[in-house]
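The values are calculated or read from the model by the stated rules, or taken from the named source; none is laboratory data. Please read all numbers here as calculations on a predicted model, not as lab measurements. Neighbour counts run over all protein chains shown; Cβ positions are idealised from the backbone, glycine included. These accessible areas exclude ligands, DNA and RNA; they are computed on the full protein's heavy atoms, side chains included. Shrake-Rupley method; radii C 1.70, N 1.55, O 1.52, S 1.80 Å.
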Amino acid sequence: MLLLTIHNFGKKTWLLIVFSILVIMAFGQGKDRESLDPTVTEIWEPVPPKVTPGEGTMPPSDAIILFDGTSLNNWTSENGGKAKWTVGDGAFTVKAGTGGIKTKQKFGDMQLHIEWRSPSEVKGEGQGRGNSGLFLMETYEVQILDSYESRTYSNGQAGSIYKQSIPLANATKPPGEWQTYDVIFMAPVFREDGTLSRPATVTVIHNGIVVQNHTTITGGTEYKGLPVYKAHGKKSIMLQDHGNPVSFRNIWVREL
Ligand code: MG
């Protein structure tokens, strides 16, 4: 008899029944919550370490300073030997033809702050204007380019993950002005056999504007063809010599 009745219910009736059950459940849950002890969900350990923030974009108390404005002691040439870029006025500048430079220390997951400046003397177009690059783990390029008033392919402009991810906005300042990149990078994880277990992700804030929002990196930066992952451990941070006198200052890292 009951079964017969249930079968006779229309679609609308069923919906009403289901809705009523949900409302009763929600109400019941709320009632249960009222009786819960709020301290049960309080977590007191571990205690986060105290870090004293820097003034403005200056390094916080626990940062590793990669460039303090005076020397390239923490850097080497990507070709081996001394970093040959020019240091002066609290900054350093790409010396064309000497090759990229990379940090002596190797990093994985990190928060990185770097300031860069396109040459005030505007030369070239597109990829030829104020080109350098921030290579995370020497492999994954966050493009540095004068994209203020110069078009190139969107996945190659400033703030792009080169040839992989278009920035969410063009936050580029005019050439000759200092610009900031704040980067949160999670290194790729590889299995014992060298296959990829978790791709790298990156968030990039350009002059205070999010241009990459937890972007998944699909492999090492390639000029030609598609990116591929090749297993590696911690590596240096590298800056690209693309032949243009791009300057840098105030570079610091916090390992995550
Ligand atoms: Mg570049």
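Odds and ends about this structure:
- Karplus-derived 3J(HN,Hα), 6.51/-1.76/1.60, for each residue of the stretch 44-60, Hz, glycine and proline x: 10, 10, x, 8, x, x, 6, 10, 8, x, x, 6, x, 9, 6, x, x
- Put D32, D89 in order of accessible area, highest first, and with a 1.4 Å probe you get D89, D32.
- 3J(HN,Hα) along the stretch 174-191: x, x, x, 9, 6, 10, 10, 10, 10, 10, 10, 10, 10, 5, x, 10, 10, 7 Hz, from the Karplus curve 6.51 cos²θ - 1.76 cosθ + 1.60 with θ = phi - 60°, whole Hz, x for Gly and Pro.
- Violating pairs (Cα-Cα greater than 25 angstrom) within the set K173/K230; K50/K82; K163/K234: K173/K230; K50/K82
- Low-density loop cleavage sites - GluC sites (Glu not before Pro) in the stretch 163-256, where at most 12 other Cβ are within 10 Å (DSSP): E177, E192
- The residues D193, D146, sorted by heavy-atom accessible surface at 1.4 Å with ligands and nucleic acids left out, run D193, D146 from largest to smallest.
- The label-point distance for V189 and K224, in a model that sets each label 7 Å from Cα toward Cβ, rounds to 3.6 nm.
- Gyration tensor verdict on the stretch 64-255 (Cα atoms; rounded if a/c is under 1.5, prolate if a/b is larger than b/c, oblate otherwise): oblate
- The distance between label points at L196 and D37 comes to 4.7 nm (points 7 Å beyond Cα on the Cα→Cβ vector).
- Counting only alpha carbon atoms, the long axis of helix 11-34 and the longest principal axis of the chain meet at about 70°.
- Ordered by solvent-accessible area of protein heavy atoms (1.4 Å probe), largest first, the residues I184, I144 come out as I184, I144.
- Here the stretch 213-256 is scanned for amide nitrogen atoms under 17 Å from the site 7 Å beyond the Cα of D62 along Cα-to-Cβ, giving 252-256.
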